[in-house]
1. Could you tell me how many degrees, from 0 to 90 and to the nearest 10, lie between the Cα long axis of helix B:2-11 and the main elongation axis, the longest principal axis, of the Cα atoms of chain B?
2. Using a ≥ b ≥ c from the Cα gyration tensor of chain D (square roots of the eigenvalues), is it rounded, prolate or oblate, where a/c under 1.5 gives rounded and otherwise the larger of a/b and b/c decides, a/b for prolate?
3. Which residue fluctuates the most in chain C, going by a Gaussian network model with Cα springs under 10 Å, if the choices are C:121, C:356, C:341?
4. Nearest 100 Å² is fine: what is the total accessible surface buried where chains D and B meet, probe 1.4 Å?
5. Using only the Cα atoms of the stretch D:20-139, build the gyration tensor, take square roots of its eigenvalues as a ≥ b ≥ c, and label the shape rounded, prolate or oblate: rounded if a/c is under 1.5, else prolate if a/b is larger than b/c, else oblate.
6. Assign unit charges at the C-beta atoms only (+1 for Lys and Arg, -1 for Asp and Glu), then state the dipole size of the stretch C:31-109 relative to its Cα centre in Debye, rounded to the nearest 20.
7. For chain C, give me the percentage of DSSP beta bridges that are antiparallel, rounded to the nearest 5 percent.
8. Write out the trypsin sites (Lys or Arg not before Pro) in the stretch C:289-345 meeting two conditions: DSSP loop, and at most 14 other Cβ atoms within 10 Å of their Cβ.
Amino acid sequence: MREMISMIVVLAVLTSVSGGLLAAVKSGTEVRIENQVLKFQKAPAIQDIFPEATNDPLAERFTITTEDIELQIFPSILADGSKAIAFETKGGAYGGPIGLMVGINLSTDEIVDVRVTTHAETPGIGSRAKEDLSFVSQFSGLKMETNFALKSGGGVIDAMSGATVTSKGVSVAAVQAKEIYQKLKPEIVKQMK
Amino acid sequence: MAQSLAKEFTKGLWAEIPPFRLVLGLCPVLAVTKSVENGIGMGVATTFVLVFSNLLISLLRNIIPSKVRIACFIVIIATFVTIVELLMQAYTYELFLKLGIFIPLIVVNCIVLGRAEAFASKNSPALSIADGLGIGIGFTLSLASLGAVREFLGNGTITVWGGNPIFEMGANFLPFKFMIEAPGAFVGLGLMLCMMNLIGKK
Amino acid sequence: MIKRSFFTLTKPRLEYDLVEPDPKEPKQIPIPSNLTLLLNEPIDSTRQALIKKGDAVEKGEKLRLYNQSTEYTISPVTGTIDAIDAYSDDFGNTSTYLVIKNDQSQASQKEPITYDLKDDIASADEYFRTLPGAPPLKILASDDVKINTIVITCADMDLLSTTSQYITLKFLDDIKEGAKILKKITHVPKLCIIIPEGLNIQGGFDSIQVFKTSMEYPSNLPAMILKDHLSMILPAGKTPEDVGVSFISAEAVVSLANAYKTKSAGFEKILTVIGKQGTQYRVKATIGTPLHKILNAFSVHINEQDRIVIGGPMKGFATYTRHHPVQPDMDTVMIQDRDIIPELSDNPCVNCGKCIRICPVNVPVNVLVRYLEADQYEEAADRYDLESCIECGLCAYTCTARIPLYQYIRLGKHELFKLRALETAND
Amino acid sequence: MTNNKLTVSHAPFWHDGDSLFQMNLNIMIATLPAVIFGIIQFGAPAVGVLALSLSSAMVWELILNIISKKKISIGDLDSAVIGLLFGMMLPATSPWWLVVIGTFVAVVIGKMIFGGIGANPFNPALVGMAFLMLSWKVFFDFDAAYINYEFDFTALAPLAALKFQGASEVAGLFSTGDLIMGKQVGAIGSTFGLGLIIGGIYLILRGYIRWEIPVSFIAGIIITALAFKMANPDTYAGPMLHLFSGYTLIGAFFLATENSSSPVNRIPMLIYGFFAALMIILMRNIGAYADGTILAILLLNLVNPLIDTIRPKALGKGVNNA
C-alpha cells in the first residue's frame, strides 16, 4: 500500500511539474514562434505574390472562422488599386504536405500568383517546385473557374518532368484553394469592407 | 573522480559511439542525415535532452519507484523534448523546418531511454552528465559524419551551418542523388559500419 | 554419362536398363589365391580373438571374432587366415577384414561342411547371412522388428545394373522355391515380388502378389515401391523395416533356395561389370575375390585416376583400391575412364531450382544444402526434410553448380544420427 | 600390376553436363537478338556501352576476388551476364562513368558483399539500375537521350509519353506491331520485343529459366492492364502498350527470372511473376514512375524468401505411423 501511494504521488508530482514547465515555456515562446512562422514561411511568399502592394498584408492579416475551417487571410491592395487576398492551402505530395500560398484578385477572380511555402520534397527533384518558378508561374492569371489539375488528369497544368507527384501536390493545393475561395468569398469581402 | 568522469565521457566518443557501436537510435540517423547541418542540429537537440534527462533522472533515482520508472523516464524525457522543440521553433526556425517531425521522436529514441535506464538511474549526477554529454557528442559526430558522406555524394556540397555550403563541387559534378534518398542512408550507414569494423579489428 | 538433351523443358528422364532377352552365360572367374572377407565388427584389442593369423579354415566354416559376437562371416574356401586388420569406411565406421589364403590341396581331401538346418528363421540366420545377395535374415530373425511383408525385388536398384533381372530370367523356379522357403521359415503373412515393367516373365507366382514397376529411375527404390505399390508412405527418417516391410533381392532368394537344397552355403556371386565404353559383362565370382581379377578377365585396363565404382552410377561408391573384394551385397562394378569423370565444384547453390523439379519426394534441396553447408543438421531435419530424402542422387546429377548434394545429404544424415545417439546417451 | 591411384569421389557418378558457365553462356546467347538489334538501331555508342558494361562488371568482380583473397570466380560468367543485362537496360548515350559506377553498384554492392554468386537477395543488375535511376534521372529520360538521333518512327519513349500526356494522346502514336519490331525509343536491349521473346523462349526450352515466371509475369501485365483499361479507358493504356514498351519484356524473361532472387517452387513462382507484373502496372498507372519494372521486381525479390516457403510436402513428412 505504501509503495502504491508513493508510486501515485511520484507520478502525479512529476507530471504536474512537467506540465507546468511546458505551459510556461509554451506561453513564453508563443509570440516568437508565430512571428517566426510568418517571417520564414509566409512573408517571403506574400512578398513574391504581391511585390507592389501598397499596404502591409502581414500586418493587416485577419482570420475567418466557419464551422469547419479556420483560415488566415492576408489582404492586399495592388498597384492599380484593386483588392486582392492571399491564403495558404495544403496538398499531399511525395515527402509530406506541400503548403501553397495562393494570391487571388478579388475583383477579377484571377490568380495573381502562387508560391510554395513549405515542402519536404527530395532536393533537386521535387524541391524545384519552390526554387524553379517556371512551374508555379503557370498559375498566374488563370481564372478561378479553370481546372487546376495536371494535363494528364484533364486539367491545364504541365507537370514538372521527373517530379509528377510534387506537381500533383501543388495542383491539389490549388484546387483546394479554389474550393475554399468559392465558398468563402462573400465572407472575405464582408470582412475586408 | 576526474578520471572516471573522463572515462564516462570518452567512451561515448569511440568505444560506445552510437549508432555505430550501440546500433541504437537508427530512426533519426537514417532520416535526418541528408546534410551535415541537419545531423548536427539533431545531434545537438538529442545531446541537450540526453544531458538534462540524465541529470534529472540521476537526481531522482532514489525517489522514483522501480515499478513506474519507465513511465517516469518517459515523462521527463518528453518534457525536455517538447522544450527543445519549442525553443527550436522560436529561435532556429529554419532548422526546425528541416528536422520537423523527428524532434518529437527523440522521446522514443532508444539512446535517450537506454542511457536513462542503463546509466543515469544507477549513477551519480556528475557521472550521468558526463555520460550524457559523451554519448550525445558521439551521436552528434556520427550524424555529422554520415551526413557529410551523404551530402557530399548525394548533393556535392558540405553545409555545416546557416545554409551556405562551405564546400561545393563544380557545376560539372553530377551528384549521386541516391545517397540523399532513404535507401542511401542504409547503404551509407552499412558502409560506415563496415569501415569502423575494419579499423576496430586491428 | 548421359548429357542433358538440348531442349529440356521437361525434367530429364533416366531409365533403368533392361537385360537382353536371351542373356549369355556369365563368365566364371576362378577362385583366386587370396580372398578378402569383411566382418562388420571392429577389432577390440583388449579381447582375445577366436581367430588369428595362421589359423586353418574350412570351406563353409563360420568365422567370428569373439565369443559373444553376433556378426559372422563364412569362409568360401579351405585354407589359412593370412591377415586380420581394421577397415574403415567413408564415414569412419570401423570394421574388420580377413584375408584367407586359398589352399586347393586341402580342399579336395575334405567333404564340404553341411549344416544342421531347422525350418525356422533363427537357424537360417545362424548360417546364411552372408549368402550371395545378402538376405536380410538378421532383421527377419530379430525379435525387436516385426516384419509383416517381404518384398522380393527382381528389379535393380540402380541404373545400368541388370544383375537382378538376369537372375530372375534364369532362375525363376529357384525364386519360386525360395519364396516358399521364406514363407515357411518366417511365417510372414504377405509376400510380394517386384518385376520391372519391361521384363518378360512367363508364368505366375501362385499366391505371391506381383507388382510391375516403371522403368523410370528411381521407381525401384524401397520408398518409392512402398508408395506406388503398397500404398504406404514411409515416414521421414524411418527405414522400410520400421514399418514392417523387408526387401530381399532376387539373388538372395535364389541362393537361399539352393542353400536349403544342399544344406550348405553358396559363394558364387553374379555381377554385372560395366566397362569404360559402357559394355556390359556378366561374371560369376566367389565372394572375396579382388576386383582386379575380374577386370583382368575382361582385359579392362585401369589407368591412373580412373574410377572403380561399386554399384551403379547413381548410388554406388568409388573404391580406392582395385583389391576391393566381391561382397555378398555387391551387384555391379562400373569402371569410369578419367576423361569422362564429371568434375565437381565448390560453387555455392545458385537457386536454379533444377533439383526441386527433379526430386521425386519434394525435398527442398536448395534450402537444405545451405543448412548442411553450415552444419545445422537438426534444423535441416526439422524444417527442411533431410530425412525424407530417399537418396536417389538425382539432385546432384542435375545440379548446375555441381555441388555434391547427395554426399552432403548422406553426411548430414550420418551426423544427425550421431547427434541423436549422443543426445540419447546423455539422457 | 602397378598400384596406381584411382579417383575416389561420391555418388552420383554421372552428371547431366550442365554448369554455371553453360547456363550463363546460354543466357548471353539468348540476349543476342535483342542486343544485335539494339546495336543496329543505336549504332556505335551502343556497342561502347555494352562492351564497357560487360567488361567493367567482370573487372569489378576480379578486383573484389583479389581484395577478399578468394578464388577468382569470373570464369563462371555470372558477372558478365550481370554486366550485359545492365548494359541492355541503359540508353546508348550513357556516359562511361555512369556505366562504370552502375556495374560497381551491381556487382560489388548487389552481389559480392552478400557473398557472391547465389547469395544475392536482389537481382544485382537491378540494384545497379535502381541506384542509377534514383541518382541520375536525367540520363534515363530516353527522349532527351536520343535527341541527336533521327528515327523513321515516333521518337518518343512510349511510357514517358503515357505518363506525361495521358493515354488518349498516346493511343494513336504507337501501333503494337511497331512496338514488337522495336520501332520505339528505349534502352539498348529493351526495345526489340520480338528478339526478347525469341531469347526468352530459347531459355525456357533449354531449361535455363523456369517458364512459370515469365508466363505468370506476362499474364499479370495483361490482366492488370486490362482491368485498368476497362475501369477507365480514357486514362489508362491497354495491355499491349504496357507489354511491349519499357523494360517489361526484358524484365519478364531476363530480370525476374534471375536464379538467386526468384522462387523455385511452382506456386511461389506463379505468385512472384504475377505480383511483379501487378506492381509494374500499379506503378505506371498510379505511381510516380514512368516505368516501374525495376523497382517492382526488386520489391518482389524482397518477398521472395517469404513466398518461396509455400512448397509441396516432402514424402513422409509428418507421417508418424503408416
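The values are calculated or read from the model by the stated rules, or taken from the named source; none is laboratory data. Keep in mind that this is a model prediction, so the values were computed, not measured. All Cβ positions, glycine included, derive from the backbone under ideal geometry; neighbour counts span all protein chains shown. For accessibility, only protein heavy atoms count, side chains too; no ligands or nucleic acids. Shrake-Rupley method; radii C 1.70, N 1.55, O 1.52, S 1.80 Å.
1. Helix B:2-11 and the main axis of chain B meet at about 40 degrees.
2. Taking the square roots of the gyration eigenvalues as a ≥ b ≥ c, chain D is oblate.
3. C:341
4. When D and B are taken together, about 800 Å² of accessible area is lost.
5. Oblate, because a/c is 1.5 or more while a/b does not exceed b/c.
6. It comes to approximately 240 debye.
7. Numbers: 35 of 55 bridges.
Roughly 65 percent of the DSSP beta bridges within chain C come out antiparallel.
8. For trypsin sites (Lys or Arg not before Pro) across the stretch C:289-345 that sit outside H, G, I, E and B with at most 14 neighbouring Cβ atoms in 10 Å, the list is empty.
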